[in-house]
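Undergrad: Below you will find the structure I want to go over with you.
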Amino acid sequence: MTDHVASAEHGFAEQYGRRPAGVWSAPGRVNLIGEHTDYNDGFVFPFAIDRRTTVALGDRDDRLVRVASTFSPETVEAHLDTLTPDTVSGWAAYPLGVVWALAEFGADLEHVRGVDLHIDSDVPVGAGLSSSAAIECAVALALDEHWGLGLDRPTLAKVGRLAENRVVGAPTGIMDQSASLLGETDSGVFLDCRSLDADVIPLGFAEAGLSLLVIDTCVSHTHATGGYAARRASCEAGARVLGVESLREVRVDDLDRARELLDDETFRRVRHVVTEDQRVLDTVRTLREQGPGAIGALLDASHVSMRDDFEISVPELDLAVETAQAGGAIGARMTGGGFGGAAIALVGDERVPEVRRRIEAAFAERGYREPAIFTVHAAQGARRDA
Ligand code: GLA
């Protein structure tokens, strides 16, 4: 039994005084490339990471759902007959939002019995590694299997997104939940966010002698307020002016025309999305044809586009990226929604200590908070563990 299963079972027993009926887990994700393209119906290429959220579940005789976790002292309960998006808030909005969203996708919850859930996680919160999607996906899969709902994984991804959009209140896309549910060991998930067709593609980092370093700046972010929603609104406004349903339909060749029709800021938002979609396609092709050692320039270009056109980077992320590049990373970029969180760097194994040392020194020199720097591996998506 792996450690996280034993500790989930232990946590459940401490909380509820009995053994759980089952244990499920779902990973956080790193987005290799394709940022703010998902809600524009475009392409993304994330992978599930070896940091997981674990849910231990036990049956009840009534219609209550109770949730407890290692990251909050409070236990929250909701009644299956009265649960609505407006009746939950705080961290419990993630698991309870999923319960509500399952019914929205046609799951018949009228005849199921309630459950007790205990949630444990080693996905860092606020780092842009989708700790929220990991909770949503672990709970969604656990309830789907325990209640025998029969929803497939793409639908469970939509359940998680709906919980996030309506209950948590963050207008996010489908990428994080898709990575968490569809990821496989040592592979990335190349997802077409319009059709939801997913191709699982081997990354080959280890064979190429490469490590994927995460630099968590510890500048915390949230997507339920401000910048994320504003960027999404700009993209939608740009699409309206250009007469397309989504920016997915705009090609790099169309950008000259777009420049004439859009104000400067909207144009730059659009240019980021359109070029980023192309970079995702180029990354997947380059990876297949030449291997991971050849994708560095695309990662670097993605960061510049987010920094200058989409304007979602922060000085700490720029410093992490620039220092990693100067230290010999083959490519680096911020990852996730932006306004804080983490950067990633693809680094030759032998350069990892040096890159880490340089970033720590650069942060100390600027008086920034000490970053958390660690390697991640592409891991299996959501699963039942016990
Ligand atoms: C967050 C959202 C995703 C996606 C990214 C940006 O992680 O949850 O849906 O939009 O930001 O690529």
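The values are calculated or read from the model by the stated rules, or taken from the named source; none is laboratory data. Just so you know, these numbers come straight off a predicted model, no measurement behind them. Every residue, glycine among them, receives a Cβ derived from its backbone with ideal geometry; neighbour counts consider all protein chains shown. Each accessible area value is taken on the protein alone, full model and side chains, heavy atoms only, with ligands, DNA and RNA left out. Shrake-Rupley method; radii C 1.70, N 1.55, O 1.52, S 1.80 Å.
Quick grid of which residues meet (1) of a type in the set (A, V, I, L, M, F, W, C); (2) in contact (Cβ under 8 Å) with a residue 24 or more places away in the chain; (3) surrounded by fewer than 22 Cβ atoms within 10 Å (Cβ to Cβ):
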position: Arg285; (1), (2), (3): no, no, yes
position: Gly296; (1), (2), (3): no, yes, yes
position: Asp318; (1), (2), (3): no, no, yes
position: Ala345; (1), (2), (3): yes, yes, no
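Undergrad: Here are some residues: Leu102, Leu57. Which one is over 25 Å from Phe374 (Cα atoms), assigned to a helix (DSSP H, G or I) and either in the same structural domain as Ala134 (by TED's automatic domain parsing) or open to solvent by 10 Å² or more (accessible area, probe 1.4 Å) (or both)?
TA: Leu102
Undergrad: Let me ask something else. Kindly evaluate Ala78 against the criterion of being touching a Leu at 6+ places or on another chain (Cβ under 6 Å), over 30 Å from Pro371 (Cα atoms) and crowded, with 19+ Cβ neighbours inside 10 Å. I'd like the intermediate steps shown before the answer.
TA: On the way: touching a Leu at 6+ places or on another chain (Cβ under 6 Å): yes; over 30 Å from Pro371 (Cα atoms): yes; crowded, with 19+ Cβ neighbours inside 10 Å: yes.
Spelling it out, Ala78 is indeed touching a Leu at 6+ places or on another chain (Cβ under 6 Å), over 30 Å from Pro371 (Cα atoms) and crowded, with 19+ Cβ neighbours inside 10 Å.
Undergrad: Next question, about the same structure. Only one of these conditions is not met by His111: (1) assigned to a loop (DSSP other than H, G, I, E, B); (2) crowded, with 21+ Cβ neighbours inside 10 Å. Which number is it?
TA: (2) is the only condition that His111 fails.
Undergrad: Might you check whether a residue that is in a loop (DSSP other than H, G, I, E, B) and either more than 17 Å from His118 (Cα to Cα) or within 15 Å of the chain's Cα centre (by Cα) (or both) occurs anywhere in region 41-53?
TA: Yes, some residue in region 41-53 is in a loop (DSSP other than H, G, I, E, B) and either more than 17 Å from His118 (Cα to Cα) or within 15 Å of the chain's Cα centre (by Cα) (or both).
Undergrad: Can you tell me which residue within region 155-167, out of those that are closer than 21 Å to Gly381 by Cβ and β-branched (Val, Ile, Thr), is nearest to the ligand (Cβ to nearest atom)?
TA: Of everything passing the filter in region 155-167, Val159 is nearest to the ligand (Cβ to nearest atom).
Undergrad: Hey, Arg248 hits all of (1) of a type in the set (D, E, K, R); (2) open to solvent by less than 30 Å² (accessible area, probe 1.4 Å); (3) more than 14 Å from the ligand (Cβ to nearest atom) but one; which does it fall short on?
TA: Failed condition: (3).
Undergrad: Working only within region 123-154, note down all residues that are away from the ligand (no atom under 16 Å from the Cβ), of a type in the set (D, E, K, R) and under 12 Å from Leu181 (Cα atoms).
TA: Asp152, Arg153, listed by residue number.
Undergrad: Yes or no: region 225-234 includes at least one residue that is under 30 Å from Gly90 (Cβ atoms), outside any loop (DSSP other than H, G, I, E, B), out of contact with any helix residue (DSSP H, G or I) (no Cβ under 7 Å at 6 or more places or on another chain) and among the hydroxyl-bearing types (Ser, Thr, Tyr). Give the steps one after another, and end with the answer.
TA: Just the residues of region 225-234 that are under 30 Å from Gly90 (Cβ atoms), to begin with: 225-234.
Filter once more, keeping what is outside any loop (DSSP other than H, G, I, E, B): 227-234.
From what is left, the residues that are out of contact with any helix residue (DSSP H, G or I) (no Cβ under 7 Å at 6 or more places or on another chain) are 227-230, 233.
Add one more test, that the residue is among the hydroxyl-bearing types (Ser, Thr, Tyr), and what stays is 228.
The answer is yes; a qualifying residue exists.
Undergrad: For Cys218, indicate whether it is in a loop (DSSP other than H, G, I, E, B) and either charged (D, E, K, R) or not assigned by TED's automatic domain parsing to the domain that holds Asp38 (or both).
TA: So Cys218 passes the test.
Undergrad: Filter region 325-338 for residues that are closer than 16 Å to Val30 by Cα and either assigned to a loop (DSSP other than H, G, I, E, B) or within 16 Å of the ligand (Cβ to nearest atom) (or both) and give the result.
TA: Within region 325-338, Arg333, Met334, Thr335, Gly336, Gly337, Gly338 qualify.
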